[in-house]
1. For the chain, build the charge dipole from Cβ charges (+1 Lys, Arg; -1 Asp, Glu) around the Cα centre, then report which of Ser68, Ala13, Leu51 sits farthest towards its positive end.
2. As a check on your grasp of the helix formula, calculate [θ] at 222 nm for the chain: sum -39500 (n - 2.57) over DSSP H runs of n ≥ 4, divide by the residue count, round to the nearest 500.
3. Among 65-74, 7-16, how do they line up by average Cβ neighbours within 10 Å per residue, starting with the highest?
4. Treat every Asp and Glu Cβ in the chain as -1 and every Lys and Arg Cβ as +1, leave all other atoms uncharged, and give the resulting dipole magnitude about the Cα centre to the nearest 20 debye.
5. Please compute the length gained on full extension between Ala20 and Ala124, using 0.36 nm multiplied by the number of residues separating them and subtracting their Cα-Cα distance.
6. What label, among (i) 30, 19, 14; (ii) 30, 13, 12; (iii) 21, 17, 15, belongs to semi-axes √(5λ) of the Cα gyration tensor in Å computed from the structure on display?
7. In nm, to one decimal, how far is the Glu63 label point from the Gln39 one, both placed 7 Å along Cα→Cβ?
8. Relative to the longest principal axis of the chain, what angle (0 to 90°, nearest 10) does the C-alpha long axis of helix 101-128 take?
Amino acid sequence: MDPRRLRAISRGAVAVSAAAALAITLAPGGWIDPAASVQDAAWHLLVFAALGASLALAYATSEAARRSPRRTLVMVLLAIWLVAASTELLQERIPGRQPELADWAASVSGGVLGFLLAGPALRALLRSRGG
């Protein structure tokens, strides 16, 4: 597949997964039972794992990562951290929602886990296809 097309797909995947993360974490309360904190943490973990995996695709196809892999990796991890922190802080203003450190930790863990699990597989796939 053409590298430019892969980069476009990766940008789309990041946009869709980021929108899903924002929609799920910033929806007004009531759709998850407040007593089910494990269920809430699982949602945070899963939605941010999808974001992390899409960021891994963007990283694997990035010219910036090719030029400066460590710097780009730090920027990706910082982005996961900031999106997770921002969503928790914004929940203060949403009816039925409240920021929780456990949710932030689940979000960051999910994002990093998604990135770490998807990254090597994507890089191997791209190498095997000559991308």
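Bear in mind that the values in this text are calculations on the coordinates, not laboratory data. From a predicted model like this one, the values you see are computed outputs, not experimental measurements. Positions of Cβ are generated from backbone atoms using ideal geometry, with glycine treated the same way; all protein chains shown enter the neighbour counts.
1. Projecting each Cα onto the dipole axis, the largest value belongs to Ser68.
2. Numbers: 5 runs with 103 residues, N = 131.
About -27000 deg cm²/dmol.
3. Values: 65-74: 12.4, 7-16: 15.1.
Per-residue Cβ counts within 10 Å, averaged per peptide and sorted highest first, yield 7-16, 65-74.
4. Details: 13 positive and 8 negative charges, 215 e Å.
The calculated dipole for the chain is roughly 1040 debye.
5. Values: separation 104, 0.36 × 104 = 37.44 nm, distance 2.71 nm.
Net length gain for the segment: 34.7 nm.
6. Given (i) 30, 19, 14; (ii) 30, 13, 12; (iii) 21, 17, 15, the structure-derived one carries the label (ii).
7. According to this spin-label approximation, the distance is 4.7 nm.
8. 20
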